[in-house]
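Here is the structure we will look at.
Where a number appears in this text, it was derived from the coordinates with a stated rule and is not lab data. Please read all numbers here as calculations on a predicted model, not as lab measurements. Using ideal geometry, Cβ is built from the backbone for each residue, glycine included, and neighbour counts are taken over all protein chains shown.
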Amino acid sequence: MTSFPRQHARTRRFTLGVPRAFTPTVGPDGPIVLFLRTDAGDDPVTHLWQHDPSTGATSKLVDARDLGGDDGPLPAEERARRERAREQAGGIVAYAVDDACTMAAFGLAGRLYSVEVATGRVAEHPTAGPVFDPRPSPDGATIAYHAGDGLHLVDLTDGPATAGTTRPLVVEDGVAWGRAEFIAAEEMRRSRGFWWSSDGTRLAAARVDERRVPRWTIADPAKPWTPAVDHRYPAAGADNADVSLWVVDVGSGERTEVTWDRERDEYLAHVAWGEDPLTLLLQPRDQRTATVLTTDPATGATELVRSWSDDAWVELVPGSPTWLHDGRLLTVEDRLALGTDGTRVLCVDGEPVTPAGLQVREVLAAHAWRTPHGEVLDDRAGVIELLASPADDPTRIDAYELDLDPARPEPLRSETASLPAGIRRVVPGRRSSSRAAAALAAPWVETTMTLAGTAPTVTVGWSHRTSQPGHDVDLHVHHLEVVAETPVLEAHPRMLTLGDRGLRAALLLPTDDDGTGTLPVLLDPYGGPHAQRVLAAGSAYLTPQWLADQGFAVLIVDGRGSPGRGPRWERAVHHDLATPVLEDQIDALHAAAALEPRLDLDRVAIRGWSFGGYLAALAVLSRPDVFKAAVAGAPVTDWHLYDTHYTERYLGHPEEQPDVYRRSSLVDDDGRLLDAADWPDDAPPQLLLIHGLADDNVVAAHSLQLSAALLADGRPHRFLPLSGVTHMTPQEIVAERLLTEQVAFLRDALG
């Protein structure tokens, strides 16, 4: 029988075989949904698929293996994009379509392809070099792509299934055009660098000048004959890339700069263009303000539309800002006065339209009510689709609909009694009101996870009726096939609410536990901002259950700073990333032990990766009275060495807040331990450091400097360097062995 560590690694954490990257639309031949998926749960090659919501038929549109798969060198930009997106598969991992969805463009091993959706005919196009992020114009007559740090075009004058010709649009020595810089891709969720106008005659393109950004070197000591790689890394306090936005005429190449105060607002967080105005979301270096501007493409002049501020920081939320069909602006903003921990609310022109306590996580779409022929029924009516966590259960991330119809005769009936009229939680497969079903709409796709299941359910729906009065509504609901592997184990998390702060936690005991004897405890947190471990999704607990089956009681806790509980909860880590997060882990440990007395508080360990690795190292250094062992994977140890946007959001600028950085770091500038408690000489805690030497996010210097400081201070520890491994450890053998090595270390450390 296959072991869980082997299966977990081979299936890329059970992500292979799951449909993703959906494009639901109504094309010339009717409704269609394009998506990506591998052929099997252990197949790492991704293909492009199509689904017909009217019939339920699904077929492969492009087989990546027919085109050679990923054989061939990937462009450096594509490797970086996959690392930023935590992409673990190969093949066709991204694509873009024209407005009518008649063609899709994609890159594969640096080559540029397009496919005609109606016929499945694939064409390869000439390029100026290895291709990154190809995107068709709205009419499908042109494909723009990034290559060699320039922005180029392929003209398809003879149709999408022809080779066409390529030409440069804008190329400048020493400067990149049309790609996202490191900070945008890693921290701001902006993965792209150019945007088409609705008529296809112009492009808004980011100009990225990284010459002032510090140059860091990443080398592989295990292969000294290979050249080192230069990496522009904007560490806290250092210069960011100089990013500007330009409107480029596709025909003439003429450029017009979009003007704003770039000295004040240096972060270009979001850009949108199409039927709506060219819209920018900007932030200053301290991130305490968000500003929405619209642009006149002809002159580059900008106009202020909305701005909001916060004393700590303004959170960037996917899907915000966007425009409603009637010209009103949709944003997601924080209201600290709403609810116990404040509320992240959906706003229309600055006015909240969602209730206190409902924490908005993402805006998915905004639709107008339309006739079967596409005309808008009511300028101020429609529906907004969003993801949010309810006030009473932050472990859930549910889909909601907000009805904008001011004259709706019957309010939506919510699945949650506390929600006001006009908003409801969507139940998969039941997403249509009579008004929505009466309108011609694009198909919708819902991916649903449950605590009882380990694989998602992917539902596709489409409602349609003809223009004939009284004609019945046709509602089509189908499920896309999920071919992910079934795990060799079942997780049995016990969901808990612990302590005075109501910390959300999950406790897992060995599957064969007979209820007798004591159990060593393993805390398994992330513990920091922007990531949530305690979720109502069974797949979140597969690895913790395997760890529990090795003889541990595994406790997972989301403390202060984690998302889903409201902005005031998140801001508890402002200017201190150490104290609140460690306090919450310890408080939860003791509260869990009060509920389950078999937890052995004399044998407690902690493991984590990235921020979780930082928390693990912090725990064993600061509280050796509680933690007897720690596994710290890719930990941040000196916050001066982490990037500007993330670090300065929470800790401020290092020159202005030196004490804040000292309080949150594990080592100082001179390589000495900071504020570490004394370890007992007779039984010192044991610490295992793990770090990928090719990590360009949390660079290996963090673990190397901590190891040197531990050695200088006479503190025993182990260090496991991983040659050629990045922050997300995609290699199968590495991913498998990391689990077994950690368990062996923890068993030895806890006796």
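Details
- Rounded to 5, the percent of DSSP beta bridges in the chain classed as antiparallel: 85 percent
- Its Kirkwood hydrodynamic radius, worked out from the mean inverse distance over all distinct Cα pairs, puts the stretch 17-171 at 15.6 Å.
- Principal axes of the stretch 487-546: Cα extent on each, largest first, Å: 35, 29, 17
- Calculated FRET efficiency for the pair THR486/GLU583, C-beta based, R₀ 56 Å, to 0.05: 0.90
- Nearest-ten-degree value, helix 579-595 long axis tilted from longest Cα axis of the chain: 70 degrees
- Cα-centred dipole magnitude for the chain, charges only on beta-carbon of K, R (+1) and D, E (-1), debye, nearest 20: 960 debye
- Extension gain (nm, one decimal) between THR217 and ALA163, 0.36 nm per residue minus Cα-Cα: 15.5 nm
- Along the axis of the charge dipole computed for the chain (Cβ charges of +1 for Lys and Arg, -1 for Asp and Glu, origin at the Cα centre), the listed residues GLY499, LEU329, HIS575 are led at the positive end by GLY499.
- In order along the stretch 99-112, phi translates into HN-Hα couplings of 4, 8, 6, 8, 8, 10, 10, 7, x, 8, 6, x, 9, 9 Hz, rounded to whole numbers, per the Karplus curve 6.51 cos²θ - 1.76 cosθ + 1.60 with θ = phi - 60° and x for Gly and Pro.
- In this simple spin-label model, placing a label point 7 Å from the Cα along the Cα-to-Cβ direction at both ARG111 and ALA272 gives a separation of 3.7 nm.
- Look at the alpha carbon pairs under 8 Å that are at least 6 residues apart: their mean separation over the length of the chain gives a relative contact order of 9 percent.
- By the count of other C-beta atoms within 10 Å, a proxy for reagent exposure, ASP242, ASP558 are ordered fewest to most as ASP242, ASP558.
- Here's the picture: charge each Lys and Arg Cβ at +1 and each Asp and Glu Cβ at -1 in the stretch 580-648, and of ALA634, ALA616, LEU599 the one pushed furthest to the positive end of that dipole is LEU599.
- Relative intensity, log₁₀ I(q)/I(0), of the stretch 193-305 from a Debye sum that treats every alpha carbon as a point, q = 0.14, 0.20, 0.22 Å⁻¹: -0.66, -1.04, -1.17
- Here the Karplus curve 6.51 cos²θ - 1.76 cosθ + 1.60, taken at θ = phi - 60°, turns the phi angles of the stretch 483-500 into couplings of 10, 5, 5, 7, x, 7, 9, 10, 8, 10, x, 9, 7, 10, 10, 10, x, 5 Hz, with x standing for Gly and Pro.
- Here the stretch 577-682 is treated with +1 on each Lys and Arg Cβ and -1 on each Asp and Glu Cβ, and its dipole about the Cα centre works out to around 440 debye.
- Fraction of beta bridges assigned by DSSP in the stretch 506-642 that are antiparallel (%, nearest 5): 20 percent
- Summarised in one figure, the compactness ratio Rg/Rh of the stretch 236-381, Cα atoms and Kirkwood Rh, is 1.01.
- Paramagnetic reach from ALA57 (point 7 Å along Cα→Cβ, amide N under 14 Å) across the stretch 5-32: 29-32
- Each residue of the stretch 172-182 is assigned a 3J(HN,Hα), and the resulting list reads 9, 4, x, 9, 9, 10, x, 9, 7, 6, 3 Hz, derived from the Karplus form 6.51 cos²θ - 1.76 cosθ + 1.60 (θ = phi - 60°), x at Gly and Pro.
- Cα-projected label distance for GLU656 with ASP249, points at 7 Å along beta-carbon direction, nm: 4.2 nm
- Using alpha carbons only: equivalent-ellipsoid semi-axes of the chain, gyration tensor based, whole Å: 42, 31, 27
- Summed side-chain charge close to ARG598 - residues other than ARG598 whose Cβ falls under 14 Å, Lys, Arg +1, Asp, Glu -1: -3
- Dividing the summed -39500 (n - 2.57) terms of all DSSP H runs of n ≥ 4 by the residue count of the chain sets its mean residue ellipticity at 222 nm at -4500 deg cm²/dmol.
- Considering only ALA228, VAL247, VAL292, and ranking their Cα positions along the charge dipole of the stretch 193-305 that arises from unit charges at the beta-carbon of Lys, Arg, Asp and Glu, the one farthest toward the positive end is ALA228.
- Each of MET495, MET728 was scored by other Cβ atoms within 10 Å of its Cβ. Listed from fewest to most, they are MET495, MET728.
- Nearest-20 debye value, the stretch 267-325 charge dipole, Cβ charges on Lys, Arg, Asp, Glu: 100 debye
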